[in-house]
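Everything below concerns the one structure shown next.
The values are calculated or read from the model by the stated rules, or taken from the named source; none is laboratory data. All of these numbers come straight from a predicted model, not from anything done at the bench. No Cβ is skipped: glycine too gets one built from the backbone with ideal geometry, and neighbour counts run over all protein chains shown.
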Amino acid sequence: MTRALIVHQAGPGVTVQDLGRPGYLAYGLSRGGAADRLALCEGAALLGQAVDRAALEMAGMGGTFEATEDMRIALTGAPMRASIDGAALAWNASHPLPAGARLVIGPATAGVYGYLHVGGGIATPEILGARSAHLAAGIGAALAAGDTLPVGPDRGTDTGFVLDAEDRFTGGEVRVVAGYQTPMFPDDELARFEETRFTRDARGNRMGVRLAPDGRGFASRAGLTVLSEAIVPGDIQVTGDGAPFVLMAECQTTGGYPRIGAVLPCDLPRVAQAAPGTHLRLRFVPPEEALAAERRAAEARETLRRRVTRLVRDPRDIRDLLSYQLISGVIAGTEEE
Amino acid sequence: MTDTDRSNGKAAFPRIGRVGLDGLLVSFGDRLSEAGNRAALAFRAAVERESPEGVEETSTSLVSTFLRIDALRTDPDAVAQQVQALLDSRDWYGADLPQGRRLWRIPTIYGTDLAPQLAEAAGEAGLSPEAAAREIAGTQLRVQTIGFAPGQPYLGELPEHWDIPRQQALTERVPVGALVLAIRQLVLFSVSTPTGWRHIGQTGFRLFRPEAAEPFVLRPGDEVIFDPVDREAHDRLRESGPDGGATCEPIR
């Protein structure tokens, strides 16, 4: 049998994702790709492979999987309950997945998007230069029971690594840069925007996330008469009801609502991973500070591989140890970026 | 022909603004105009030719050109200076339309249960449904921009009595190939999506063909006539392939 991952069961939002398809904005196709791009980098670091390999993105719920050959896997992003043939697995770690074994990934215990990476990457055919499903554009489809996904050749053999991943699963502060439409909002409204606590609404998906303000919504001087213009992931549209709507990876390419600002790309995973009910605050930062933060985040991504450590395990205690890792949470939440 | 801000006598457009951390938007106006649309298309072509350091990707919307910059490698302010110099080099509002434009004729069924809002839209414009369909079918429209969804054209411009607002409520879903109308424009939908625009016609034309050699069919500057067909012809053409019976010829 060819090298493949069999899907026995899948949650409603499991899709193949990679870094997406840049270059098609002029044709109305947004980049798409993983909702939490940092999680892709973490998976690549754990498996010691290139960051452009495709993985499975699992929105809120995983599934049941089986490998046709011995494989390596890594689990990143929103922590989920996971086991192989009943033995609990540490999250943010790499593991061997023997041929025929059952990998079961349950609901997220925090955050929204979990990722299952395989050594060699998911090797479905590329469409317009990428493997990402872009459901809004009609590219690809959510996975379903019975699907078989080809997996690329894996040059690596090592597993049992763990990564102290940045905690971005519990909301908190998100940095925003001003754009050309920010002055459409009066200064006192911008000040109130920064003081407001927002709650991630139940309305949210890979296209965008609605943030419900504590208190009244925000109104621009321009009202709803602005021309449709180019929009980018991270843009914060203020829709008719005054609630901000943060555009995500799979957003449309133009929009006609005024934008109060844009979330920094490096803080976008924090918005993506805020589960409904999670609180967020939005703070404007000057462009220089935004660039510096983005640069630090890029450097941190580059050095992920050096921050990977071995899961310390005693063969006699392996099951207990792995579940201990899961319960204690290998997500330390002490990272700066 | 530059839009002028009368309050201070200075030219308000074209102007350069920031979008997010890594985007520049060159705006040629704050409302749709033929000259602004030509300026945006010509300026994008010029940026693509010059390919300034750090520019990763460009696009246009109705009257603006967007540039995405690799902000970690190139200072967006430095790119903005280069863009300003290019802007100052000529009168973009007088630019010609793009080369290689084509005229498309796309068979369209107006009204019926397939496009249930023709009568409503016609009413807003003060016309009978028959007169409305006749007028739209008799108007050669231009693709002003591709955007929102893959390959999706915004077409204009209809006569002034078609300056009808979007509907208050959202239509939950229009099908692929739906022809919808608002504010003197038509949009032909490339995906099935909710919309505030009114669904007046239905075509069998697929604008986005991910697996094809030419995945995006229409280009800005192309012109389109939505030829009326009856139900029987519509059903037959729909089955005939992704063009839904559409034809295309070069505009000379």
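Determine the pairs where a residue that is part of a loop (DSSP other than H, G, I, E, B), located within region A:140-152, has a partner that is basic (Lys, Arg) with Cβ atoms under 9 Å apart, the partner being 6 or more residues away or on another chain.
A:GLY140/A:ARG131; A:GLY152/A:ARG3; A:GLY152/A:ARG53
Restricting to region A:122-139, count the residues that are at the interface with another protein chain (Cβ under 8 Å from one of its Cβ atoms) and assigned to a loop (DSSP other than H, G, I, E, B).
Number of matching residues: 2.
Regarding region A:175-196, can at least one residue be identified that is part of a helix (DSSP H, G or I), in contact with a helix residue (DSSP H, G or I) (Cβ under 8 Å, 6 or more places away or on another chain) and within 14 Å of chain B (Cβ to nearest Cβ)?
Looking for residues that are part of a helix (DSSP H, G or I), in contact with a helix residue (DSSP H, G or I) (Cβ under 8 Å, 6 or more places away or on another chain) and within 14 Å of chain B (Cβ to nearest Cβ), one finds at least one in region A:175-196, hence yes.
Does region B:32-52 contain any residue that is at pLDDT below 95, within 11 Å of chain A (Cβ to nearest Cβ) and closer than 27 Å to B:GLY156 by Cβ?
Yes, region B:32-52 has at least one match.
Looking at this structure, is B:TRP197 crowded, with 21+ Cβ neighbours inside 10 Å and within 16 Å of the chain's Cα centre (by Cα)?
It is true that B:TRP197 is crowded, with 21+ Cβ neighbours inside 10 Å and within 16 Å of the chain's Cα centre (by Cα).
If I go through region A:214-242 residue by residue, how many of them are buried (at least 18 other Cβ atoms within 10 Å of the Cβ) and either away from chain B (no Cβ under 14 Å) or more than 30 Å from A:LEU19 (Cβ to Cβ) (or both)?
Qualifying residue count for the region: 3.
Quick one: would you say A:LEU19 is within 14 Å of chain B (Cβ to nearest Cβ) and closer than 22 Å to A:VAL308 by Cβ?
yes
Is it the case that region A:243-255 has a residue that's within 14 Å of another protein chain (Cβ to nearest Cβ), out of contact with any Asp or Glu (no Cβ under 6 Å at 6 or more places or on another chain) and surrounded by fewer than 21 Cβ atoms within 10 Å (Cβ to Cβ)?
No, there is no match, as no residue in region A:243-255 is within 14 Å of another protein chain (Cβ to nearest Cβ), out of contact with any Asp or Glu (no Cβ under 6 Å at 6 or more places or on another chain) and surrounded by fewer than 21 Cβ atoms within 10 Å (Cβ to Cβ).
Would it be correct to say that A:GLU57 is in contact with a strand residue (DSSP E or B) (Cβ under 7 Å, 6 or more places away or on another chain), of a type in the set (Asp, Glu) and crowded, with 22+ Cβ neighbours inside 10 Å?
Against the criterion (in contact with a strand residue (DSSP E or B) (Cβ under 7 Å, 6 or more places away or on another chain), of a type in the set (Asp, Glu) and crowded, with 22+ Cβ neighbours inside 10 Å), A:GLU57 qualifies.
Would you check if there is a residue in region B:93-101 being surrounded by 15 or more Cβ atoms within 10 Å (Cβ to Cβ), within 14 Å of another protein chain (Cβ to nearest Cβ) and in contact with a strand residue (DSSP E or B) (Cβ under 9 Å, 6 or more places away or on another chain)?
Checked region B:93-101: no residue is surrounded by 15 or more Cβ atoms within 10 Å (Cβ to Cβ), within 14 Å of another protein chain (Cβ to nearest Cβ) and in contact with a strand residue (DSSP E or B) (Cβ under 9 Å, 6 or more places away or on another chain).
Look through B:GLN167, B:GLN152 and report the one residue that is polar (S, T, N, Q), at negative phi, surrounded by 21 or more Cβ atoms within 10 Å (Cβ to Cβ) and within 14 Å of chain A (Cβ to nearest Cβ).
Exactly one residue qualifies, and that residue is B:GLN152.
Does region A:210-220 contain any residue that is in a loop (DSSP other than H, G, I, E, B), assigned by TED's automatic domain parsing to the domain that holds A:ILE105, at positive phi and over 20 Å from the mean Cα position of the chain (by Cα)?
No - not one qualifying residue is present in region A:210-220.
Scan A:THR64, A:THR76, A:THR109 and give me the residue that is in contact (Cβ under 8 Å) with a residue 40 or more places away in the chain, surrounded by fewer than 24 Cβ atoms within 10 Å (Cβ to Cβ) and of a type in the set (Ser, Thr, Tyr).
Of A:THR64, A:THR76, A:THR109, the one residue that is in contact (Cβ under 8 Å) with a residue 40 or more places away in the chain, surrounded by fewer than 24 Cβ atoms within 10 Å (Cβ to Cβ) and of a type in the set (Ser, Thr, Tyr) is A:THR64.
For region B:186-203, which residues satisfy the criterion of being modelled with pLDDT of 95 or more, more than 10 Å from every other protein chain (Cβ to nearest Cβ) and part of a loop (DSSP other than H, G, I, E, B)?
Correct list: B:PHE189 only.
Examine region A:179-199 for a residue that is in contact with a strand residue (DSSP E or B) (Cβ under 8 Å, 6 or more places away or on another chain), under 30 Å from A:LEU56 (Cα atoms) and in contact (Cβ under 8 Å) with a residue 12 or more places away in the chain, and state whether such a residue exists.
Yes.
Consider B:ARG206 against the criteria (1) part of a loop (DSSP other than H, G, I, E, B); (2) in contact with a helix residue (DSSP H, G or I) (Cβ under 8 Å, 6 or more places away or on another chain): it satisfies all of them except one. Which criterion is unmet?
(2)
The rows are residues; the columns are (1) assigned to a loop (DSSP other than H, G, I, E, B); (2) in contact with a Gly (Cβ under 8 Å, 6 or more places away or on another chain); (3) free of Cβ contacts under 8 Å to residues at least 60 places away in the same chain; (4) surrounded by fewer than 17 Cβ atoms within 10 Å (Cβ to Cβ).
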| site | (1), (2), (3), (4) |
| --- | --- |
| B:THR112 | yes, no, no, yes |
| B:PRO116 | yes, no, no, yes |
| B:GLY123 | no, no, yes, yes |
| B:VAL143 | no, yes, no, no |
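Restricting to region B:68-81, and then to whatever is buried (at least 17 other Cβ atoms within 10 Å of the Cβ) and at the interface with another protein chain (Cβ under 9 Å from one of its Cβ atoms), can you tell me which residue is nearest to B:ALA45 (Cα to Cα)?
In this case the residue turns out to be B:ARG68.
Out of region B:22-40, which residues are part of a loop (DSSP other than H, G, I, E, B) and either touching a residue at least 60 places away in the same chain (Cβ under 8 Å) or buried (at least 24 other Cβ atoms within 10 Å of the Cβ) (or both)?
If the condition is that a residue be part of a loop (DSSP other than H, G, I, E, B) and either touching a residue at least 60 places away in the same chain (Cβ under 8 Å) or buried (at least 24 other Cβ atoms within 10 Å of the Cβ) (or both), then B:ASP22, B:PHE28, B:LEU32 are the ones that fit.
Among the residues of region B:145-190, which ones are among the small types (Gly, Ala, Ser) and without any contact (Cβ under 8 Å) to a residue 24 or more places away in the chain?
B:ALA182, the sole residue that qualifies.
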